[in-house]
Amino acid sequence: MSSVEVLAPVRLETRFVPPDLRDDGVNEWMLRLRVYPDEFSIRRSLAPPTSDELDRLTEVVARMFAVPALPEADAFASFSSAVGAGRAHGLWRAHVVPDGAGGLTVDRTGEADHVPFSVHGPAGLPDRLQVWLIHADGTRQLAATLMLDLVAIGDDLDLAQFDDPPTLAAGQLPETWWLSYRRAVEVGRTR
């Protein structure tokens, strides 16, 4: 029986390949292992606020100083129910500012027409990852050391490549480490 001892900041995907499907001529079963960064280890930037988001934020901040006053926790809860808790937290911290008269106002700097999704690469991934096998008798065996190409992993996370890939045939997707085993091997070479 096997056990996995540590997954964070990654998750694992395994596939067993029978000898007749291997393309390297070896007549043995092969275990393919792909290591994915977990969602919490992907850095994201706060996308610019939309007009609708700032309008909603302005409404709830104004209600905090209306009569009767809406408590700040209730104002935040109302705003987060409209845009999601994580987004609400980021927008509240970045755009709710003192108004100079003892109250609060909403800074509309950076307002955008839409919210683009962007990713800024993996965070917290080591430059190498060891893969250990733990046998039924408890003995451990170092199976491989993956030398991660953190720059290439981050480049593949650039979702702009999906917008208009000019060199790909219709319906073909860009080759990324989460879609292609060959590409996954390139960004995580074994040593």
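The values are calculated or read from the model by the stated rules, or taken from the named source; none is laboratory data. The structure displayed is predicted, hence computed values, not measured ones. Cβ sites come from the backbone with ideal geometry, for glycine too, and all protein chains shown count toward neighbours.
In region 56-69, the count of residues that are buried (at least 19 other Cβ atoms within 10 Å of the Cβ), modelled with pLDDT of 90 or more and among the basic types (Lys, Arg) is one or more. Within region 122-144, the residues that satisfy the criterion of being of a type outside the set (D, E, K, R), in contact with a Lys or Arg (Cβ under 8 Å, 6 or more places away or on another chain) and not in a loop (DSSP other than H, G, I, E, B) are PRO122, TRP132, LEU133, ILE134, ALA144. Looking only at residues of region 73-86 that are touching a residue at least 12 places away in the same chain (Cβ under 8 Å) and crowded, with 17+ Cβ neighbours inside 10 Å, we find that the one that is farthest from the chain's Cα centre (by Cα) is ALA75.
Quick check on region 112-121. Is at least one of its residues at pLDDT below 90, among the aromatic types (Phe, Trp, Tyr), part of a strand (DSSP E or B) and loosely packed, with under 15 Cβ neighbours inside 10 Å? Checked against the condition, which is being at pLDDT below 90, among the aromatic types (Phe, Trp, Tyr), part of a strand (DSSP E or B) and loosely packed, with under 15 Cβ neighbours inside 10 Å, region 112-121 yields no hits at all. Comparison of GLY154, GLY103, GLY171 shows that the only residue that is of a type in the set (Gly, Ala, Ser) and either at pLDDT 80 or above or in contact with a His (Cβ under 6 Å, 6 or more places away or on another chain) (or both) is GLY103. Within region 157-168, restricting attention to residues that are assigned to a loop (DSSP other than H, G, I, E, B) and within 19 Å of PRO37 (Cβ to Cβ), the residue that is modelled with the lowest pLDDT is ASP158. Put simply, of ARG140, ARG182 the only residue that is loosely packed, with under 12 Cβ neighbours inside 10 Å, outside the structural domain of THR58 (by TED's automatic domain parsing) and modelled with pLDDT under 85 is ARG182.
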